[in-house]
Amino acid sequence: MYDLINQFAQTVVGTIPPEHVTDYERLLQNVGQASTPDYQRRYRRFLAMNAAQLSPVFYVAYFGALNAAINHPPTLSSVAQTLHAASARQNGQKSLQFSFATKLLHMTNPHSPIYDSQVAAFYFFQEPSTDLQQRINGLVGFHGFLTQEYARVLNGELLASAIQEFRLRLNPQHFADEKIVDSLIWAFVGLLRKGALPKGQIAYR
């Protein structure tokens with residue numbers, strides 16, 4: 001699959017808009033402003049948090065945790081538990097916002113992988129459907145795999161061509177290589193889900 005991303009690097013990178021880079025880097029460089037309304041507004045828009053329809057209580061807990069994590073990085077498991085506790089909707093139902101937990105840690109450590117449905121699909125990962133703690137343990141375990149796998153990809157230069165295309169076309173100034181890997185996988189899976197194979201944008205070889 002990495003070979004496919006390299007082979008169709010121009011197509012994959014071409015789906016990533018320039019503002020994906022500039023907006024991300026602005027947030028990363030100004031994470032110390034996480035307690036301000038303007039930063040939170042831009043953060044929520046960039047990470048598509050508004051679509052999740054979470055409560056104001058959740059956002060208070062989230063940005064409070066992000067602000068605290070700048071100086072005292074928590075464990076991923078503890079962040080996931082904190083966000084779950086604050087995730088109750090009007091009907092009282094809570095949800096495990098694991099992707100947002102990984103994004104929170106990533107903003108304080110840009111080398112930390114981000115988990116979302118695109119990345120899970122790329123690696124054929126099935127999210128656990130057992131009780132809360134087992135789900136968190138399973139997801140944290142997969143995140144550990146991502147950390148090791150991205151290191152293997154970078155050390156082995158398995159996405160070297162695609163990473164070079166990303167840097168040449170989008171000219172990032174504050175993107176860790178791990179974040180580029182994440183962006184490439186996200187864009188590649190997005191293309192496939194939008195019919196890139198039958199459209200001929202990507203072809204198996």
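The values are calculated or read from the model by the stated rules, or taken from the named source; none is laboratory data. Since we're looking at a predicted model, the values are computed, not measured. Every residue, glycine among them, receives a Cβ derived from its backbone with ideal geometry; neighbour counts consider all protein chains shown. Ligands, DNA and RNA are excluded from the accessible area calculation, which covers all protein heavy atoms including side chains. Shrake-Rupley method; radii C 1.70, N 1.55, O 1.52, S 1.80 Å.
Miscellaneous remarks
- Gap separating the Cα centres of the stretch 87-117 and the stretch 130-205, nearest whole Å: 18 Å
- Near G141, once Lys and Arg are set to +1 and Asp and Glu to -1 for all other residues with Cβ below 14 Å from its Cβ, the sum equals -1.
- Candidate lysines - alpha carbon under 25 Å from K103, same-chain residues fewer than 8 apart omitted: K94, K179, K194
- For the stretch 45-118, applying the loop criterion from DSSP together with a ceiling of 15 other beta carbons within 10 Å to the trypsin sites (Lys or Arg not before Pro) yields R89, K94.
- Neighbours of R193, meaning other residues whose beta-carbon lies under 13 angstrom from its beta-carbon, give a summed charge of +1 when Lys and Arg score +1 and Asp and Glu score -1.
- Report summary: the helix-based calculation at 222 nm, which adds -39500 (n - 2.57) for every DSSP H run with n ≥ 4 and divides by the residues of the chain, gives -19500 deg cm²/dmol.
- Extension reserve of the F145-A160 stretch, reckoned as 0.36 nm per residue once the Cα distance is removed: 3.4 nm
- Accessible area of the chain belonging to carbon and sulfur atoms, whole % at 1.4 Å probe: 51 percent
- Helical segments meeting 27 Å axial Cα length and Kyte-Doolittle -0.5 threshold in the chain (DSSP H): 132-155
- Mean separation of Cα pairs under 8 Å and 6 or more residues apart, divided by the residue count, gives the chain a relative contact order of 29 percent.
- Residue with peak Gaussian network fluctuation, the chain [Cα springs, cutoff 10 Å], from A176, A187, A80: A176
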